[in-house]
Protein chains: 2
Amino acid sequence: MVKLLTAILVFMALGNTTAFASEDTRPFAIAVHGGAGTMSRAAMTPERERAYHAALRTALQAGHAVLADGGTSLDAVVAAVRILEDNPLFNAGRGAVFTAEGRNELDAAIMDGATLNAGAIAAVTRVRNPILLARAVMEHSPHVFLIGEGAEAFAAEREIPFVDPRWFHTDERWEALERARAAEISRAAHEIPYGTVGAVALDRSGNLAAATSTGGMTNKRWGRVGDVPVIGAGTYADNASAAVSATGHGEYFIRSVVAHEIAARMRLAGRTLEQAAHEVVMEVLVERGGSGGVIAVDRHGNVSMPFNSDGMYRGYMKSGGEPVTAIFRD
Amino acid sequence: MVKLLTAILVFMALGNTTAFASEDTRPFAIAVHGGAGTMSRAAMTPERERAYHAALRTALQAGHAVLADGGTSLDAVVAAVRILEDNPLFNAGRGAVFTAEGRNELDAAIMDGATLNAGAIAAVTRVRNPILLARAVMEHSPHVFLIGEGAEAFAAEREIPFVDPRWFHTDERWEALERARAAEISRAAHEIPYGTVGAVALDRSGNLAAATSTGGMTNKRWGRVGDVPVIGAGTYADNASAAVSATGHGEYFIRSVVAHEIAARMRLAGRTLEQAAHEVVMEVLVERGGSGGVIAVDRHGNVSMPFNSDGMYRGYMKSGGEPVTAIFRD
């Protein structure tokens with residue numbers, strides 16, 4: 001009996017040691033984006049460019065710290081996206097673009113590749129960090145997708161932090177709206193027509209997660225919702241293939257079910273992450289006229305970040321590596 | 001010169017004749033559903049059963065008539081879905097279930113397999129036929145997805161018919177809400193927990209289309225949106241594979257991107273329509289706990305209508321055939 005107990009204890013100890021050791025050497029990775037679009041180097045001051053790189057690095061380091069501590073990919077993508085939401089440089093949370101009515105209406109989504117659980121919200125106006133609400137929908141409601149005032153009622157029940165809508169205001173986005181109104185176009189020809197932020201991550205347990213958050217399109221009307229909260233279009237994660245977060249002209253990303261299409265090509269057609277992401281962004285979307293890009297990570301920690309626009313604010317950071325960030329094509 | 005002209009004219013005439021002749025003999029097909037769920041034969045009176053069969057037949061015949069006249073699959077699915085929306089037997093349009101607040105909030109989507117254009121709306125309360133609004137979004141807006149009051153503002157601009165919200169009221173659905181409230185559950189244990197209506201069609205030009213419309217879930221809260229307006233989940237069409245309209249526990253259908261997954265298995269993994277639809281509904285969804293079914297048609301006019309629930313109101317009608325309708329498994 002004592003022998004049996006000892007054997008069991010030794011087995012458990014060894015089992016745990018082995019598990020911890022192998023988890024410590026398993027790869028992990030995080031990638032983030034801060035939107036894609038028509039960006040010209042000419043319009044970008046060195047100071048502004050540095051600010052974008054610094055913001056992307058801060059988000060990457062926050063997510064990387066979670067993963068390095070053995071945290072989950074869900075915690076990592078939320079940590080990274082919160083930072084980008086709070087940064088007025090990006091079209092999500094603070095710094096979101098304005099609707100035609102002069103409001104900020106925010107969309108976000110998150111997906112857990114281990115369980116295929118997902119949470120999405122659209123058209124909230126007072127939740128400081130929409131990604132926190134999307135996560136609460138996934139974890140604390142029987143639903144996947146909540147919108148508008150109903151979503152905010154749920155946020156209040158969950159005690160998700162609210163802010164005065166003025167929190168989201170930035171002069172730069174307001175001026176973009178005024179230019180768009182003057183031009184009577186549905187979006188301004190400003191720097192980031194399709195701004196969005198997002199993160200994808202692989203954690204040491206081999207679990208993938210994706211998160212995306214956006215203010216949508218400047219001067220948007222009629223309660224327009226883009227691809228971000230459409231699970232499969234702008235946000236998707238499945239441990240069997242990849243975690244994907246998209247940024248671009250949302251209507252095209254919805255029609256091509258972009259994020260799920262990349263995952264499906266890996267799972268059903270044997271493509272690598274790089275092949276699948278490249279085919280969908282650089283071939284399918286280009287043929288169909290859909291401008292933008294994606295960030296994606298697979299279960300081996302490979303990262304792919306193709307985009308067919310002039311630029312995409314982007315970066316990645318792998319286990320033990322340094323953050324790598326970029327804006328333009330080269 | 002005269003010879004050349006004559007040759008061209010003869011060629012054109014022959015070409016046209018051939019084209020017309022082949023269009024006349026090309027297959028066309030339409031399928032419809034009126035929701036899936038836990039239905040017991042015991043709870044179904046013969047009179048009620050006849051009413052369901054008659055309603056499905058009427059919808060099929062309306063769509064078939066459009067296709068037989070050489071009309072488009074888009075016109076056919078809209079004709080069929082409008083009839084089901086107006087029929088109080090089904091949870092869409094008139095007869096929609098009530099939200100926790102005692103309102104009818106309607107969702108709908110449509111997709112054109114030839115162009116991959118799509119239109120979707122969520123949470124409208126005064127548009128008589130949500131499918132007409134979804135189509136207007138697809139054809140007359142630069143967007144794919146509009147929600148709430150914004151979607152209704154667009155409907156007003158397009159002169160889509162409005163009704164007083166009382167139009168949607170039926171005593172049966174109100175009683176279902178009262179039972180759900182009494183039981184403090186998010187849906188009533190009534191006959192059709194996941195009611196939805198939908199249609200898929202192949203027209204003589206070889207174009208596919210899908211349309212879906214729903215009142216959602218009895219006693220739904222927080223602005224809950226299901227799979228219907230999520231392109232790729234409840235509604236999808238691509239001439240390269242299939243047109244699919246789903247009905248079931250929407251959250252599971254969103255997470256599995258059901259309609260696009262069926263199309264992707266055909267396009268990427270060489271499955272037939274029957275194989276792909278069966279795998280996703282009877283294997284993937286069953287493993288994940290997602291109750292419901294789909295109707296699907298491919299470019300050859302094959303129809304598949306698998307469901308993993310007790311029953312699904314369903315039917316199909318092929319070129320030159322009679323309408324075939326069914327409710328239970330056998």
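For the reader, a short list of remarks on this structure follows.
- Selection of the stretch B:140-176 for residues being more than 25 Å from A:I121 (Cα to Cα), touching a residue at least 12 places away in the same chain (Cβ under 8 Å) and within 13 Å of chain A (Cβ to nearest Cβ) yields B:H140, B:R158, B:I160.
- Residues satisfying the stated conditions in the stretch A:220-251, i.e. more than 9 Å from chain B (Cβ to nearest Cβ) and either surrounded by fewer than 24 Cβ atoms within 10 Å (Cβ to Cβ) or under 17 Å from A:S309 (Cβ atoms) (or both): A:V228, A:G234, A:N239, A:A240, A:V244, A:S245, A:A246, A:T247, A:G248, A:H249
- Some residue of the stretch B:273-286 being of a type in the set (S, T, N, Q) and either assigned to a loop (DSSP other than H, G, I, E, B) or in contact with a Gly (Cβ under 7 Å, 6 or more places away or on another chain) (or both): no
- Of residues in the stretch A:103-113 being under 17 Å from the mean Cα position of the chain (by Cα) and over 19 Å from B:A123 (Cα atoms), the one surrounded by the most Cβ atoms within 10 Å (Cβ to Cβ): A:I110
- Output for the stretch A:164-220, where each listed residue is modelled with pLDDT of 90 or more and acidic (D, E): A:D164, A:D171, A:D203
- Number of residues in the stretch B:100-132 that are under 23 Å from B:H260 (Cα atoms) and of a type in the set (V, I, T): the value is 4.
- Every residue from the stretch A:28-43 that is touching a residue at least 40 places away in the same chain (Cβ under 8 Å), surrounded by fewer than 16 Cβ atoms within 10 Å (Cβ to Cβ) and either closer than 17 Å to A:A296 by Cα or not polar (S, T, N, Q) (or both): A:R41, A:A43
- Selection from the stretch B:67-81 of residues that are surrounded by fewer than 23 Cβ atoms within 10 Å (Cβ to Cβ) and either touching a residue at least 40 places away in the same chain (Cβ under 8 Å) or in contact with a Lys or Arg (Cβ under 8 Å, 6 or more places away or on another chain) (or both): B:A68, B:G70, B:G71, B:T72
- Residue check for B:V280: among the β-branched types (V, I, T), farther than 26 Å from B:T125 by Cα, surrounded by 22 or more Cβ atoms within 10 Å (Cβ to Cβ) and touching an Asp or Glu at 6+ places or on another chain (Cβ under 7 Å): yes
- A single entry from B:D112, B:D107 fulfils the requirement of being touching a Leu at 6+ places or on another chain (Cβ under 7 Å) and in contact (Cβ under 8 Å) with a residue 24 or more places away in the chain: B:D112.
- If you go through the stretch B:115-133 and keep only what is away from chain A (no Cβ under 12 Å) and aliphatic (A, V, I, L, M), you end up with B:V127, B:I131, B:L132.
- Some residue of the stretch B:129-140 being out of contact with any Cys (no Cβ under 9 Å at 6 or more places or on another chain) and in a loop (DSSP other than H, G, I, E, B): yes
- The residues of the stretch A:82-102 that are in contact with a helix residue (DSSP H, G or I) (Cβ under 7 Å, 6 or more places away or on another chain) and either at pLDDT 95 or above or surrounded by fewer than 18 Cβ atoms within 10 Å (Cβ to Cβ) (or both), listed by number, are A:R82, A:I83, A:L84, A:E85, A:N87, A:G102.
The values are calculated or read from the model by the stated rules, or taken from the named source; none is laboratory data. From a predicted model like this one, the values you see are computed outputs, not experimental measurements. Neighbour counts are summed over all protein chains in view; Cβ atoms, including those assigned to glycine, are modelled from backbone coordinates with ideal geometry.
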